[in-house]
1. Any idea which of Lys13, Lys71 is charged (D, E, K, R), in a helix (DSSP H, G or I) and modelled with pLDDT under 95?
2. Out of (1) at pLDDT 90 or above; (2) among the hydrophobic types (A, V, I, L, M, F, W, C); (3) loosely packed, with under 15 Cβ neighbours inside 10 Å, what's the single condition that is false for Ile118?
Amino acid sequence: MKILKQNSKNLLKAALLFVVALSQSCKKETAAANAAAALPKQGMYALINDTAWIALTVTASVAYNRFSTSKIFTCTGTAGNQMIQLIAVQNDVAAGSDFPIGPANGNLDSFNYFVLPIHRSLTEQTTTPGTTAGASLVITAIDSAKRLISGTFTFPSRDSIYDANGNVILVQKNQIANGFFKQVHYVYAP
C-alpha cells in the first residue's frame with residue numbers, strides 16, 4: 001500500500017511537470033506567432049480574404065504626362081504567385097517628382113490583385129476601377145527628395161479562372177483590405 005501511494009505521488013509529479021513543460025512550449029509558440037504577425041515598417045502589406053500578405057518585392061514609379069498635365073503613380077508588390085498592383089492618375093497637376101497627398105481622384109485609377117500561375121496571362125485577370133464601391137487609395141506621405149512614398153489601399157477584386165479553351169469556369173471574389181505601402185522607393189519619369 002505504501003509503495004502504491006509513493007508511485008501515485010511520483011506519477012502525479014511527473015504529470016504536473018509534463019503539463020508545465022507543455023504550457024511553456026505553448027507560450028513560446030504563441031510569442032513566435034505574434035512576432036511573425038508584426039506589420040512591416042516598410043514595403044507593402046494587405047489582408048487578402050482575411051489572410052496576411054506581405055510583398056517580397058515592391059516597385060513604384062511616378063510619371064508625368066506633359067500633354068495631359070497628369071501624373072501616374074504605379075506601385076506593384078509581389079509575393080510568390082500573388083501580385084497587387086495599384087495605379088492612380090491625378091489630372092491637372094504640375095510637373096515634378098512628387099504626387100498629390102490625399103485620396104486619389106478615382107476616375108482613371110485601377111486596382112489589381114493577380115494570381116499568376118504559369119498557364120495564365122495577366123490580361124485574363126479582372127481590373128477593379130477606382131470608382132468601384134469599396135475601392136480606396138490614399139497617398140499619406142511623399143518625400144520627393146529621397147523618392148519615398150507611402151499610402152493606404154483597399155478594394156474588392158474578381159479573378160476569373162479559365163479552362164484550356166478560354167472559357168470562364170470559375171470567378172473567385174477577393175477582398176483586399178487594410179493595405180498599405182510604406183517608405184517605398186519610386187522612380188520618377190518626367
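The values are calculated or read from the model by the stated rules, or taken from the named source; none is laboratory data. The shown structure was predicted, so the numbers you read here are calculated from the model rather than taken from an experiment. Heads up, the Cβs are rebuilt from the backbone with ideal geometry, glycines too, and the neighbour counts pull from every protein chain shown.
1. After ruling out the rest, the residue left standing is Lys13.
2. Here Ile118 meets the rest and fails (1).
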